[in-house]
1. Consider the range 49-85. How many of its residues are free of Cβ contacts under 8 Å to residues at least 60 places away in the same chain, assigned to a loop (DSSP other than H, G, I, E, B) and buried (at least 18 other Cβ atoms within 10 Å of the Cβ)?
2. Being assigned to a loop (DSSP other than H, G, I, E, B) and modelled with pLDDT of 75 or more, is that true of even one residue in the range 86-99?
């Protein structure tokens, strides 16, 4: 009986030392990029203006949800372009995950809210989780050379 209580106590201690969003969420999130018309070039830039992904629609890319700093959420800008069409631009923002908001309340509030989850991207969700760039025809519409992979 003593070993059982000790074992359960050890499991509870280890569980309380990690944030709920860190356990349930990932530090990356997939983003599905589609367009109308298809076969359009796209770029994903982060909040620093650095290109973090590029490709041709339809395609799925993985994006980091945290920049590694304390509460360091990311933001992105997706630009989709095809010759003869006006480019479509979609901003991506991060929202706080329910696992962070509610889950930590029931596990280890101070440790989860302030010490563990703020360094891990699991506390955020990238919104929207999918981008569909709808482009309109435009005579002479050209793509930025940086769009090409």
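The values are calculated or read from the model by the stated rules, or taken from the named source; none is laboratory data. Values in this document were obtained by computation on a predicted structure and should not be read as measured data. Because the Cβ atoms are built from the backbone with ideal geometry, glycine has one as well, and the counts that use them run over all protein chains shown.
1. 1
2. yes
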